[in-house]
Amino acid sequence: MSRICLSILLLCLLGLSGLSQAQTLRVGMPLPGQQPFFWRDDAGQYQGIYADLLRQLAQQMALELQFVPLSQARLLRHFELGEIELEAGVTRQPIERRGLRQVSLFTRPFGLVNEVIIYRPELSFPVFILKDLKGKRVATVRGAAVPGWLVREDFANEWQIAQRVHRGWNDIGLMKEAVALHHQRRARLNYQISLPYESNPVSFRLHRSQAGLLAEFNRQIERLEHSGELDAIVCKYLCGTQ
């Protein structure tokens with residue numbers, strides 16, 4: 001009788017141990033971060049649309065998230081090596097690096113990212129499409145892919161560009177629409193925002209070693225879309241003064 005009780009006790013302990021050890025997924029966050037999508041605040045907490053969405057998905061999938069801040073170049077290298085297992089907000093485009101292509105899986109898209117032009121309200125010419133900027137000096141993010149015929153002036157991030165256009169130090173800048181709206185509303189910056197000149201669906205990039213999670217990621221993203229929770233996360237950062 002004592003052996004039976006001991007066996008039952010051991011099984012219970014093993015069961016409890018299994019329940020308490022959730023799978024950990026290492027998530028790369030590109031430095032210096034990008035509001036309102038993904039950044040680390042002064043208290044060291046990870047904020048933004050992508051961070052909140054990932055936490056919702058992780059809760060439903062019984063996953064633990066480990067956020068790892070890295071430069072974009074280092075993030076991709078770590079992803080290839082399997083030291084990072086998920087990257088957020090990725091546009092699915094042809095990948096030149098063979099190693100990265102071989103280990104990349106993509107979830108279903110969960111949103112669109114619009115690329116826009118911001119410009120000083122005093123400008124006398126209409127700025128709505130990219131070809132209008134030919135021969136003009138344009139503030140861009142260092143490393144961003146833009147047409148070679150632009151006269152680009154590179155800066156570290158979109159926040160710098162937004163401030164420079166607001167202060168009149170640059171007439172024109174390129175950035176994501178959500179970022180332009182976020183900075184404009186949060187910091188009360190004075191610039192105009194064009195219609196999107198390009199729109200790209202965004203997904204999560206999952207390392208092939210985690211292929212078993214892909215179907216559930218897709219199912220949960222679809223659930224959040226249908227329930228309205230995904231829209232609520234986006235609106236938290238873009239609809240008010242957050």
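May I ask you to list pairs of residues, at least six apart or on different chains, whose Cβ atoms are under 9 Å apart, with the first in segment 199-217 being at pLDDT below 95 and the second being hydroxyl-bearing (Ser, Thr, Tyr) and part of a strand (DSSP E or B)?
Asn200/Thr91; Pro201/Thr91; Val202/Thr91
May I ask you to verify whether Asn190 is touching a helix residue (DSSP H, G or I) at 6+ places or on another chain (Cβ under 7 Å), loosely packed, with under 14 Cβ neighbours inside 10 Å and outside the structural domain of Met61 (by TED's automatic domain parsing)? Don't jump to the end; show me each part of the working.
Working: touching a helix residue (DSSP H, G or I) at 6+ places or on another chain (Cβ under 7 Å): yes; loosely packed, with under 14 Cβ neighbours inside 10 Å: yes; outside the structural domain of Met61 (by TED's automatic domain parsing): yes.
So Asn190 passes the test.
May I ask you to say which residue of Gln102, Gln66, Gln72 is polar (S, T, N, Q) and closer than 27 Å to Leu181 by Cβ? Explain how you work it out, then say what you get.
Details: Gln102 fails: closer than 27 Å to Leu181 by Cβ; Gln66 fails: closer than 27 Å to Leu181 by Cβ.
Gln72 is the lone residue from the list that is polar (S, T, N, Q) and closer than 27 Å to Leu181 by Cβ.
Just the residues that are touching a residue at least 40 places away in the same chain (Cβ under 8 Å), closer than 19 Å to Pro32 by Cβ and not in a strand (DSSP E or B), please, taken from segment 171-187.
If the condition is that a residue be touching a residue at least 40 places away in the same chain (Cβ under 8 Å), closer than 19 Å to Pro32 by Cβ and not in a strand (DSSP E or B), then Ala178, Val179, Ala180, His182, His183, Arg186 are the ones that fit.
Which residues, counting only those in segment 209-242, are of a type in the set (A, V, I, L, M, F, W, C), within 30 Å of Gly82 (Cα to Cα) and surrounded by 14 or more Cβ atoms within 10 Å (Cβ to Cβ)? Reasoning before the result, please.
Initial filter on segment 209-242 (of a type in the set (A, V, I, L, M, F, W, C)): 211, 213-215, 217, 221, 224, 230, 232-235, 238-239.
Subset that is within 30 Å of Gly82 (Cα to Cα): 211, 213-215, 217, 221, 224, 230, 233-234.
Leu213, Leu214, Phe217, Ile221, Leu224, Leu230, Ile233, Val234, listed by residue number.
Which one of these does Cys235 not meet: (1) free of Cβ contacts under 8 Å to residues at least 40 places away in the same chain; (2) closer than 30 Å to Leu63 by Cα; (3) over 19 Å from the mean Cα position of the chain (by Cα)?
So Cys235 meets the others, but not (3).
Taking the residues in segment 62-101 that are of a type in the set (Val, Ile, Thr) and modelled with pLDDT of 95 or more as candidates, determine which candidate is nearest to Val234 (Cα to Cα). Let's see the steps before the verdict.
Within segment 62-101, the subset of a type in the set (Val, Ile, Thr) is 68, 84, 90-91, 95.
Then drop every residue that is not modelled with pLDDT of 95 or more, which leaves 68, 84.
Values: Val68: 22, Ile84: 25 Å.
So the residue we want is Val68.
For segment 177-207, name all the residues that are within 17 Å of Thr91 (Cα to Cα) and basic (Lys, Arg).
Narrowing segment 177-207 to residues within 17 Å of Thr91 (Cα to Cα): 177-179, 196-207.
Answer for segment 177-207, where residues must be within 17 Å of Thr91 (Cα to Cα) and basic (Lys, Arg): just Arg205.
Which of (1) in a helix (DSSP H, G or I); (2) of a type in the set (Phe, Trp, Tyr); (3) in contact with a strand residue (DSSP E or B) (Cβ under 8 Å, 6 or more places away or on another chain) is the odd one out, the single condition Tyr237 does not satisfy?
Tyr237 satisfies every listed condition except (3).
Where in segment 66-170 are there strands (runs of 3 or more DSSP E), lying fully within it, with 2 or more residues that are of a type in the set (Phe, Trp, Tyr)?
Values: elements: 86-91, 104-106, 111-119, 137-141, 151-155.
Filter on segment 66-170 gives an empty set.
The values are calculated or read from the model by the stated rules, or taken from the named source; none is laboratory data. Keep in mind it's a predicted model, so treat the numbers as computed, not measured. No Cβ is skipped: glycine too gets one built from the backbone with ideal geometry, and neighbour counts run over all protein chains shown.
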